[in-house]
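The structure appears below as structure tokens.
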Number of protein chains: 2
Amino acid sequence: MEDARRREVTTVLFEGFEVLDVFGPLEVFGVAGQRFNLTMLGPKAGPVQSAQGPAAVAEVAYRDAPRPDIVLVPGGIGTRRLVTDVTFTEWLAEWAARAEFVTSVCTGSGVLAAAGLLSGYRATSNKRAFAWAREQGPLVDWVPQARWVEDRDRWTSSGVAAGIDMALALVAHLEGDELADAIADGVEHDWHRESNWDPFAAKNGLAPEP
Amino acid sequence: MEDARRREVTTVLFEGFEVLDVFGPLEVFGVAGQRFNLTMLGPKAGPVQSAQGPAAVAEVAYRDAPRPDIVLVPGGIGTRRLVTDVTFTEWLAEWAARAEFVTSVCTGSGVLAAAGLLSGYRATSNKRAFAWAREQGPLVDWVPQARWVEDRDRWTSSGVAAGIDMALALVAHLEGDELADAIADGVEHDWHRESNWDPFAAKNGLAPEP
């Protein structure tokens, strides 16, 4: 039997999120032929300002969030405060644990780690903020050289633009290579299909120079 | 004397804009160390819904827009209606003509063409909607195979993800290669630096198969 249900992709916005961390993956899911529905959460419903200045609109407050299928937690400078907000991390830990997949882009993996959602999992993060991410999750098996890391139901990508490649890989995993290829071609994205493609680890001293 | 002023990057949102067309370039400008200030316009101030569903917030209405330095017009399904809106195209023609640079991503070049802003210029567009873009501008020298086209003060990119490469090239042009390289590395983007890199033209019958 085909799995023809539409999945809810729920993005967790917060003040100081990184715009491309959110809208790279949402472009991929959003053009995938109605297979995904996109919802954005915020501290409350309404505008949430990004690290770059522009604001996006959260349709639903964290506390009112419906059960998600795919959770997307972006990075951005706002993560530094977020990991110290116990009310938030406790909510995230409980709410996201019910999802089919919990994903992050960039320093979003630090947020997942602080909520305990990556304990016992392999994960990666932004290469310029890798030490910070590590500090958030001593029980995480951090992978310094990876475009993204998929470990069971936890998928974490490296910095910013890497989220696009991870989202395509997740679409391929769920819906097949044909759809993912069509999306990559349609949005004219040079898809890095290998999760271990990562020239940025070496540039940041996290892997030997090639 | 150094050109140390901060440039206003003004994005023209409309119902049905493509999210990555906007937030790819705004990521690049937004992390460029305070050299650019980002403003988003809409039909009126407030939320503007994207083609993918999520909404972004326009701070200023079209009619109240201050003089821009860099104009960014995204693509998306909403462009199809926009090119028939004479009130809009007349406003855009007059307002954008005062900018230092007028740029577009994807089918945004069709909007610029409909407003007469590309007449006598070389330009490119999304490879899947190239015929539509052509129809908007009979006086434009359309270039089918290009990641982006820069012709004096008009810079137009190919589809969706191509806007990131064009924005990096524009930062390099204005602020130097060193800053553009640092941004590309920082956001872990595999920057296509050559404006004639375009495998998607051949995939859409706009260039010979390689």
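Coordinate-derived values only; no laboratory data. Keep in mind that this is a model prediction, so the values were computed, not measured. We place every Cβ from the backbone using ideal geometry, glycine too, and count neighbours over all the protein chains shown.
A few comments on the model shown:
- Within the protein assembly as shown, helix-based [θ] at 222 nm, where runs of 4 or more DSSP H residues each add -39,500 (n - 2.57), nearest 500: -9500 deg cm²/dmol
- In nm, spacing of pseudo-spin labels at residue B:141 and residue A:15 (7 Å Cα→C-beta vector): 5.1
- Using a Förster distance of 41 Å, the FRET efficiency for residue A:181-residue B:67 (Cβ separation, nearest 0.05): 0.40
- At 7 Å out from Cα toward Cβ: residue B:39 inter-copy label distances (nm, ascending): 3.6
- 13 Å beta-carbon shell around residue B:13, net charge (K/R +1, D/E -1): -3
- Virtual spin-label span in nm between residue B:60 and residue B:98, 7 Å along Cα→Cβ: 0.9
- The residue of chain A whose Cβ sits closest to the rotation axis that maps A onto B, together with that distance in whole Å, is A:23, 2.
- Span-rule helices in chain B, defined as complete DSSP H runs reaching 30 Å or more along the axis (Cα) with Kyte mean at least 0.5: none
- A point 7 Å from Cα along Cα→Cβ stands in for residue B:134, and the other copies hold the same point at 5.6 nm, listed in rising order.
- What you get for chain A, charging only the Cβ of Lys and Arg (+1) and of Asp and Glu (-1), is a dipole of about 720 debye around the Cα centre.
- When chain B is treated as a Gaussian network with alpha carbon springs shorter than 10 Å, the biggest mean-square fluctuation among B:38, B:13, B:92 belongs to B:38.
- Summing Lys and Arg as +1 and Asp and Glu as -1 over all other residues whose Cβ lies under 15 Å from the Cβ of residue B:154 gives a net charge of -3.
- Positive-end residue, chain A charge dipole about Cα centroid, Cβ charges, pick of A:108, A:210, A:169: A:108
- Residue-span extension gain [residue B:122 to residue B:152] - 0.36 nm each, minus C-alpha spacing: 9.9 nm
- Computed from Cα atoms alone, the Kirkwood hydrodynamic radius reported for region B:1-126 is 14.5 Å.
- Residue A:108 sits among other residues whose Cβ lies under 10 Å from its own Cβ, and their net charge, with Lys and Arg +1 and Asp and Glu -1, is -2.
- With label points defined 7 Å past Cα in the direction of Cβ, position residue B:91 shows copy-to-copy spacings of 3.6 nm, given to one decimal and shortest first.
- Pairwise Cα distances in region B:54-210 exceed 22 Å for 40 percent of all pairs.
- Projected-area average for the protein assembly as shown over all orientations - Cα convex hull basis, square nanometres: 20.5
- Computed label-point distance, nm, for sites residue B:173 and residue A:202 using a 7 Å Cα→Cβ extension: 3.2
- For chain A, built as a Gaussian network whose Cα springs stay under 10 Å, the top-fluctuating residue of A:162, A:123, A:56: A:56
- Within the listed set B:46, B:137, B:110, the residue fluctuating most in the Gaussian network model of chain B (springs between alpha-carbon atoms under 10 angstrom) is B:46.
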